[in-house]
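The values are calculated or read from the model by the stated rules, or taken from the named source; none is laboratory data. Because the structure is predicted, anything quoted here is derived from the model rather than measured. Glycine also receives a Cβ, built like all others from the backbone with ideal geometry; neighbour counts cover every protein chain displayed. For the accessible areas, the whole protein counts, side chains as well, though only heavy atoms, and no ligand, DNA or RNA atoms are used. Shrake-Rupley method; radii C 1.70, N 1.55, O 1.52, S 1.80 Å.
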Amino acid sequence: MTLSERYGPQFGPDTTFLGVPRCTWSEPSTYADADVVILGAPFDGGTSHRPGTRFGPQHIRTTCYLPQRGSRPSLALRVDGLQGDLTVYDAGDVEMYSGDAERSVRDLRKAVSAVARTGTVPLVLGGDHTIAWPDAAGVAEHVGAGRVSMIHFDAHADTGDVAFGSLVGHGQPMRRLIESGAVRGDRFLQLGLRGYWPGPETLAWMAEQGMRSYEMTEIVARGLDTCLTEAFEIATDDCDAVFLSVDIDVCDPGHAPGTGTPEPGGLTARQLLDAVRRIAYELPVAGVDLVEVSPPYDHADITSALANRVVLEALSGLARRRRDARDGTTWDPRRPLLDGRTSDGREG
């Protein structure tokens, strides 16, 4: 088995995301018509507390009560984010050995960069948040260093420096991205931070980089929509594309218990889904990752089901954005279906 071959999932049967077609990331001809290519990153070698996110990609792909036939029409957006309005393939998992972090992040960056180079959006299923470094850096190789802004949902800033004697870990990817020049600190937007980490020294470093963090206290006081709108203005100023990184622990543990470092007091599942929908529809998203789903700590698949829907909201938002760009129409993702729209979402 070589890295260039389609690995399939490292854990469990070779099942694609809700039944979408397979492809091989190193062979662009296998996804020549793709809008999005899904990659699995089953790595938890950077975890500082509870492990298990290596099993995340498989559970995110399959946790759904509907038939896994590669189709999911969205009630809210009146598009199918898996087929018809958007063409999605699944390249399986990148082979990532959790005992060798440096090799794993190098191999993942190679795969993400190969997909992004074709103009296709890579959507990476983690895995712990270590993978955000190779994910966003791989996209920046195509778009340009410093030309990709970051919107980062998380309970934690992930801007630590050295942990357990290593520069590579799930509490450090955002510092590595900024230090490398792949993403500018002043175009780095974080939403949902709370709790008791990081300390003053790390916060001072973040301020020096010009990072903007919307802590939960501010989100509660001002409203999530207001904070998002402000963040969008910053993210699209002097940047060509946006990378969206979602740590499932941005949600309150009551909504996402299956994660490695749960922190009480976060977003609701509904808030996260609405926010991801807005981002995918309103912004030029060039890459996405979803991380820190740890099935061994999940209850009744609550976290995996939410993660599956986060992916679908992102894909549906992208699909609606592309349809409206093609048809010259506009859509408000926050607008309820209370008027006389026809079944495809047009005004009746």
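Odds and ends about this structure:
- Helical mean residue ellipticity (222 nm; -39500 (n - 2.57) per DSSP H run of 4+; nearest 500) of the chain: -10000 deg cm²/dmol
- Of the solvent-accessible surface of the chain, computed with a 1.4 Å probe and all protein chains present, 51% belongs to carbon and sulfur.
- Per-residue SASA entry for Asp238, accessible area with 1.4 Å probe, Å² rounded to 10: 80
- Alpha carbon centroid spacing (whole Å) that separates the range 284-327 from the range 201-219: 26
- As a length-normalised measure over Cα pairs under 8 Å and 6 or more apart, the relative contact order of the range 14-76 settles at 48 percent.
- The Cα-based radius of gyration of the range 126-251, divided by its Kirkwood radius, gives an Rg/Rh of 0.94.
- When only Cα pairs below 8 angstrom with a gap of at least 6 residues are kept, the range 64-173 shows a relative contact order of 18 percent.
- For the peptides 311-317, 126-132, 78-84, the ranking by packing is 126-132, 311-317, 78-84, with the highest mean count of neighbouring Cβ atoms within 10 Å listed first.
- Most tightly packed first, judged by the mean number of other beta-carbon atoms within 10 Å of their residues, the peptides 244-252, 208-216 read 244-252, 208-216.
- Sequence ranges 287-293, 69-75, ranked by mean other-Cβ count within 10 angstrom, highest first: 287-293, 69-75
- Length-normalised contact order of the range 108-207 in % [C-alpha pairs under 8 Å, at least 6 apart]: 30
- Where the chain is the region considered: accessible area per residue in Å², 1.4 Å probe: 39
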